[in-house]
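Structure record follows, encoded as structure tokens.
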Amino acid sequence: MALKESEAIVLRTYPLREADLLVTLFTRAEGKMRGVARAAKKSKRRFGGALEPLTHVRAHYEDRERQELSRLDSCEVLESPLATEVSYLRAVALALVAELLDELLPDREANDDVFRLALSVLAELRGSDVWMPVTYFELWMTRLMGYMPDLSECIVCRRTLNGSQAFFHALADGLMCIDDRRLASSALSSESRTLAAQMFRAPVENLAGTPWPKERGADLRKFLVQILQRHIEKKFVTAAMLEKIGT
């Protein structure tokens with residue numbers, strides 16, 4: 001079969017035999033897929049540093065009949081996260097983006113909205129400030145996956161929450177008013193709800209340059225991660241790691 005070509009983002013790699021790698025790619029043309037890069041540990045010409053996680057590449061691959069895994073022929077680096085210094089905080093933030101894409105996206109289903117979101121957020125993660133792009137990415141992934149609840153009303157009594165207190169719980173599908181909140185609920189501030197509305201209206205690059213300490217939107221990130229984990233019935237390892245890191 002003829003080789004296929006697509007822009008792609010490398011999500012994960014795993015050792016496979018002595019010199020091969022099993023690679024998970026999020027391709028623009030066909031969505032998430034897995035392929036085997038033969039002799040990838042030895043071939044600098046065909047792969048070089050192109051298989052580092054979150055590298056934006058142009059991938060050439062071949063699908064084999066009756067085989068689940070593609071054969072990854074070569075990758076050309078378009079943009080690498082290793083082009084700038086990678087601190088521990090930035091490394092964990094990048095790993096979170098990779099984990100969310102890998103866990104949330106179905107196999108072989110193209111999603112250009114998510115692909116463009118990932119590229120724009122990765123561009124903002126080139127610097128040392130990670131909290132804004134991470135919050136933006138979690139918010140938009142929740143929306144694009146179809147899991148985003150209405151932030152303006154209580155899911156129990158349908159009371160409007162604009163300007164009033166709102167609460168969320170790991171076992172609830174949305175926000176609750178103070179009268180209907182569950183035991184051990186967490187509060188989502190009106191400031192964070194306003195922040196979410198702003199992020200829905202603006203591209204991520206428009207929010208760059210504004211001071212964004214870890215505390216800003218922390219309750220929103222907790223809310224979003226709980227929603228996503230509830231739907232996939234699995235916890236994100238990197239989300240917990242990131243929130244444990246200081247500012």
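Within the chain, what whole-number % of the accessible surface is contributed by carbon and sulfur, with the 1.4 Å probe and all protein chains included in the calculation?
49 percent
Rounded, prolate or oblate: which fits region 1-118, taking a ≥ b ≥ c as square roots of the Cα gyration tensor eigenvalues, rounded meaning a/c under 1.5, else prolate when a/b beats b/c?
It comes out oblate by the Cα gyration axes.
Based on the alpha-carbon gyration tensor of the chain and its eigenvalue square roots a ≥ b ≥ c, which shape applies: rounded if a/c is under 1.5, prolate if not and a/b is larger than b/c, or oblate?
It comes out prolate by the Cα gyration axes.
Contact order normalised by length for the chain, with contacts defined as Cα pairs under 8 Å and 6 or more residues apart; what percent is it?
15 percent
For each pair in Lys41/Lys222; Lys42/Lys244; Lys42/Lys234; Lys214/Lys234, compute the distance between the two Cα atoms and list the pairs where it is over 28 Å.
Correct reply: Lys41/Lys222; Lys42/Lys244; Lys42/Lys234.
With Rg and the Kirkwood Rh both taken from Cα atoms, where does Rg over Rh land for region 83-145?
0.97
With runs of 4+ DSSP H residues as the only contributors, calculate the mean residue ellipticity of the chain at 222 nm using -39,500 (n - 2.57) per run, divided by the residue total and rounded to the nearest 500.
Only helices count here, giving -10000 deg cm²/dmol.
Can you work out the accessible area per residue across region 100-247, with the rest of the protein chains kept in place, probe 1.4 Å, in square angstrom?
Per residue, region 100-247 has 50 Å² of solvent-accessible surface.
The values are calculated or read from the model by the stated rules, or taken from the named source; none is laboratory data. The model shown is predicted, which means the values in this text are computed figures rather than measured ones. The accessibility values were calculated without ligands, DNA or RNA, using every heavy atom of the protein model including side chains. Shrake-Rupley method; radii C 1.70, N 1.55, O 1.52, S 1.80 Å.
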